[in-house]
Amino acid sequence: MRSVSAVVLTYNRRDLVEDCLRAIGAQSHPVDRIVVIDNGSTDGTADMLARNWSDKIELHILPKNLGAAGGFNAGIRMAYRSQADAIWVMDDDVMPDPDALERLIDADALLRARHLDPPFVISTARTPGGIVTNVPDIDLARNSLSYQNWPELLEHCLVPVRRATFVSILLPRATLDEFGLPIASMFIWGEDTEYTARITRERAGYLVGNSRAVHVRQLDGKLDIRTETNPTRIGYHYYFLRNQAYNVRHYQSAGAFIRHLFRQAKIAGKLLLTGQFRKAKIVATGTMSGIIFRPTIEAADAPIDTSGWQSFMMMTEQIITTAAA
């Protein structure tokens, strides 16, 4: 693996994104480029990055918030254009350990030496308090003796996984060539589930136990509209429920999809009975939208509309500033 570009997506997190960039800059295996997508921040994050970091990063400031899905789509696309051999993806609240990237690269090399060609390798994530979080789904494929095969590489701190997140995930260029980009129209919550499910249909990715990152999340735990109190985040659950229904329909069995619909109907009914009408409507409309949702999957080299973007491109020693018309 000759070159690695890091992709960091940020939105209204001035302090956190600087901590993230410092952690990336302190890696024992240096990255060749850091692509930062500012997703329409309104708190001065973009100005701070342009002022303090433009000699160290490739910064793209979007005119509006495209959601995590649109932001990651844009960032991975820009990193792909840099001809990187691999793209290391994370949010601005991910703090990789100093050897996190080195461990991912070593794991990828070991797996390829065994002709496994993983579509991704990913760090083990913990909360600031040390609790394991963002846990991928273990691949339960069986070996020739009909036993689950996931312990095969435990001695190397490697576990095969399927669904995962974008928390310190290393994507080989070949994965993007074969499977394209995350779905931008998913907007938020579920685009990483869809993408990692898509790219692991034929072969598993790998969780790397000795590659570690801290995920400083706004709220710990799984998303659940029933316990959500933030009005803005409650609205975002429409996208989560739509994307969740799409993912179950697209990547699981028909029976699993029917059971999912019944569960969501039950949740909506209970919310109605307790007078939580807005939440009940979001559960119903989001889930129903997932039944008819037909998003487009773009190739990694597909054209992108950069109208309104401001880009600070690091070229050798010189910074070139561009603003798309």
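The values are calculated or read from the model by the stated rules, or taken from the named source; none is laboratory data. Because the structure is a prediction, the values reported are computed rather than measured. Here Cβ is always computed from backbone atoms with ideal geometry, including for glycine, and neighbour counts include all displayed protein chains.
Observations
- In region 148-159, the residues that are closer than 15 Å to residue 212 by Cβ reach residues that are acidic (Asp, Glu) with C-beta atoms within less than 9 angstrom, at least six apart or across chains, in these pairs: 158/152; 159/139.
- Complete set of residues in region 103-141 that are of a type in the set (Lys, Arg) and surrounded by 15 or more Cβ atoms within 10 Å (Cβ to Cβ): 103, 126
- Count of region 1-53 residues, restricted to those that are more than 15 Å from residue 84 (Cα to Cα) and either touching a Gly at 6+ places or on another chain (Cβ under 7 Å) or not in a strand (DSSP E or B) (or both), is 35.
- Residue match in region 35-44 (condition: in contact with a Phe, Trp or Tyr (Cβ under 7 Å, 6 or more places away or on another chain), buried (at least 24 other Cβ atoms within 10 Å of the Cβ) and under 25 Å from residue 236 (Cβ atoms)): yes
- Pairs where the first residue, in region 86-104, is in contact (Cβ under 8 Å) with a residue 24 or more places away in the chain and the second is of a type in the set (Asp, Glu) and outside any strand (DSSP E or B), C-beta under 8 Å, 6+ apart: 86/108; 95/19
- Of the strands (runs of 3 or more DSSP E) lying entirely inside region 55-135, those containing at least 2 residues that are of a type in the set (S, T, N, Q) are 121-126.
- Some residue of region 223-236 being part of a loop (DSSP other than H, G, I, E, B), more than 30 Å from residue 2 (Cα to Cα) and of a type in the set (Lys, Arg): yes
- Residue within region 53-62 that is buried (at least 21 other Cβ atoms within 10 Å of the Cβ), free of Cβ contacts under 8 Å to residues at least 60 places away in the same chain, within 26 Å of residue 119 (Cα to Cα) and under 20 Å from the mean Cα position of the chain (by Cα) present: no
- Restricting region 294-325 to residues that are of a type in the set (Gly, Ala, Ser) and loosely packed, with under 15 Cβ neighbours inside 10 Å, the residue that is modelled with the highest pLDDT is 299.
- Positions within region 81-102 being surrounded by 24 or more Cβ atoms within 10 Å (Cβ to Cβ) and farther than 23 Å from residue 38 by Cα, in sequence order: 100
- Qualifying position, being in contact with a Ser or Thr (Cβ under 6 Å, 6 or more places away or on another chain), buried (at least 16 other Cβ atoms within 10 Å of the Cβ) and among the hydrophobic types (A, V, I, L, M, F, W, C), among 184, 213: 213
- Candidate set: region 142-168, residues that are in a loop (DSSP other than H, G, I, E, B) and hydrophobic (A, V, I, L, M, F, W, C); chosen: the one surrounded by the fewest Cβ atoms within 10 Å (Cβ to Cβ): 145
- Single match in 275, 286 (criterion: touching a Phe, Trp or Tyr at 6+ places or on another chain (Cβ under 6 Å) and at pLDDT 95 or above): 286
- Criterion violated by residue 249 - all others in (1) closer than 24 Å to residue 91 by Cα; (2) crowded, with 16+ Cβ neighbours inside 10 Å satisfied: (1)
- Each residue in region 259-315 was checked for being in a loop (DSSP other than H, G, I, E, B) and of a type in the set (Lys, Arg), and 1 of them qualify.
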